[in-house]
Amino acid sequence: MATGIYQMLRTLDATPKKRQPGNRVAVLAEGLSQPLCAIRANVDAMARLLERDVPDLDEIRAALVDLAHDTERACDLLRAAQRAEPGARTPRA
């Protein structure tokens, strides 16, 4: 997924008319929307699971694994966007 965003940002840079900050923000927002919404859904699900008299720890563990995966996807997108920015330095993880 991050590679796709990186390629979209590079394509925008290749076209002078499209090389506007708003276009880059729109591409990044589109890419981040899915993992961020998934993170929120997992947080909400874990909150509901924890409200049960006997929480299902296996379900909570599975939601935490999903959270870690979705968070890493969002971070990958941000790193790809930063690499695509001319002159940007890549932060250390």
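Please treat every number below as a calculation from the coordinates, not as lab data. Remember, predicted model here, so these are calculated numbers, not experimental data. Counting neighbours? That spans all protein chains shown, and the Cβs are built from the backbone with ideal geometry, glycine included.
Between Cys37 and Gln82, residue separation times 0.36 nm minus the direct Cα-Cα distance comes to 14.0 nm.
The simple Förster model, with R0 at 22 Å and r as the Cβ-Cβ distance, assigns Glu72 and Arg52 a FRET efficiency of 0.20.
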